[in-house]
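Each value in this text was obtained by applying a stated rule to the coordinates, not by laboratory testing. Note that the structure is predicted; figures quoted are calculated from it, not measured. Cβ placement follows ideal geometry from the backbone for every residue including glycine, while neighbour counts extend to all protein chains displayed.
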Amino acid sequence: MPVIAPWYNRGVVRILIVEDELKVASFIRRALEEESYAVDVCSDGVQGRDMASEVDYDLILLDLLLPGLGGIDALKAMRDAGVTAPILILTARSKVEQRVKGLDAGADDYLTKPFAIEELLARVRALLRRTGGDTAGVLHIDDLLLNPVTREVTRGGRRIELTSKEYALLEYMMRNTGRVLTRPMIAEHVWDLDFDTFTNVIDVYISYLRNKIDRDHERALIHTVRGSGYTLKAADG
């Protein structure tokens with residue numbers, strides 16, 4: 001499994017969910033992806049420990065009641081392995097001493113099930129702000145502007161409506177302006193680890209972006225680099 005570059009090089013926040021309740025994991029994943037986060041999911045403590053140690057995640061959501069390796073032990077193993085990503089514990093255990101045990105083991109925050117998805121997303125944003133994984137500066141190239149806070153995109157003052165995946169792709173490209181991005185790089189940072197790089201989905205989404213970003217404008221910003229991939233740059237380079 002490849003080690004993923006830090007957030008400031010890739011522009012997309014990657015989150016790991018370690019949760020054995022499939023419906024809960026699916027619900028959380030869908031909510032996070034709608035916020036344009038890249039999300040990986042695993043269902044046992046051993047795999048969670050290994051993935052957290054091998055991939056540079058920006059945030060980890062960790063259940064405590066896990067098969068293979070309990071959440072507290074998985075948490076300690078992650079910290080022992082040098083994992084510095086903030087860890088948010090999700091559990092049905094609500095006693096104070098249990099929360100204290102998790103925080104003392106290295107967790108950064110604690111959320112008791114059941115919870116409102118709005119609160120989860122707020123806690124995610126708060127933890128990412130602490131570590132610099134949620135940037136607030138407006139990105140711009142030529143007359144194209146992207147606001148990471150409001151997720152508003154405009155070109156020439158005209159607002160552009162994007163799907164969550166289109167937005168994630170554009171943000172990644174804008175944080176890497178002028179850099180040639182290969183299809184595997186885009187797949188790794190915008191989609192998940194199981195993404196099939198042999199499909200043409202990336203080319204399709206690049207086409208979607210071109211229609212929304214470059215159509216009706218004299219200066220194209222999205223460029224194809226033959227045999228390599230794509231780059232976003234102004235006409236003057």
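Counting Lys and Arg as +1 and Asp and Glu as -1, each charge on the Cβ, what is the dipole of the chain about the Cα centre in debye, to the nearest 20?
Taking the Cα centre of the chain as origin, the dipole is about 460 debye.
How high is the relative contact order of the chain, in percent, with contacts defined as C-alpha pairs under 8 Å that are six or more residues apart?
Over the chain, the number comes to 17 percent.
Positive end of the dipole of the chain, charges at C-beta (+1 Lys, Arg; -1 Asp, Glu), about the Cα centre: which of Ser26, Ala116, Leu16 has its Cα farthest in that direction?
Result: Ala116, furthest along the dipole toward the positive end.
How much net charge surrounds Asp20 when only other residues with a Cβ under 12 Å from its Cβ are counted (Lys, Arg +1; Asp, Glu -1)?
-3
Exceeding 18 Å between C-alpha atoms, which entries from my cross-link table qualify? They are Lys76/Lys113; Lys23/Lys101; Lys76/Lys101.
Cα-Cα > 18 Å for Lys76/Lys113; Lys23/Lys101; rest within.
Over the chain, what is the percentage of antiparallel beta bridges among all DSSP beta bridges, to the nearest 5?
50 percent
Based on the mean of other Cβ atoms within 10 Å per residue, sort peptides 80-89, 153-162, 219-228 so the most packed one is first.
Most protected by this proxy first, the peptides run 80-89, 153-162, 219-228.
Mind giving me the nanometre distance, one decimal, between the label points for Ala234 and His140, set 7 Å out from Cα along Cα→Cβ?
With each label point 7 Å from Cα toward Cβ, the separation is 1.0 nm.
Quick one: which residues, 5+ away or cross-chain, put their amide H under 5 Å from the amide H of Tyr110? H built at 1.01 Å from N.
Ile89
Please check which bits of the range 140-184 a label hung off Glu33 would reach, taking the label as a point 7 Å along Cα-to-C-beta and the cut-off as backbone N under 17 Å.
Counting only backbone N, you get 163-170.
Please work out the FRET efficiency for the pair Thr224 and Arg159, using the Cβ-Cβ distance as r and a Förster radius of 30 Å; give the result to the nearest 0.05.
It comes out at approximately 0.70.
Against the longest alpha carbon principal axis of the chain, how many degrees, from 0 to 90 and to the nearest 10, is the axis of helix 117-131 turned?
That works out to roughly 80 degrees.
Determine the dipole magnitude for the range 22-131: charges of +1 sit on the beta-carbon of Lys and Arg, -1 on that of Asp and Glu, nothing else is charged, the reference point is the Cα centre, and the result goes in debye to the nearest 20.
Computed charge dipole of the range 22-131: roughly 400 debye.
Does the range 2-121 classify as rounded, prolate or oblate by the C-alpha gyration tensor (a ≥ b ≥ c root eigenvalues; a/c under 1.5 gives rounded; else a/b over b/c gives prolate, otherwise oblate)?
It is oblate, given that a/c is not under 1.5 and a/b is not larger than b/c.
Going by average Cβ density within 10 Å per residue, which order do the peptides 23-32, 165-174 take, highest to lowest?
The most tightly packed comes first, giving 165-174, 23-32.
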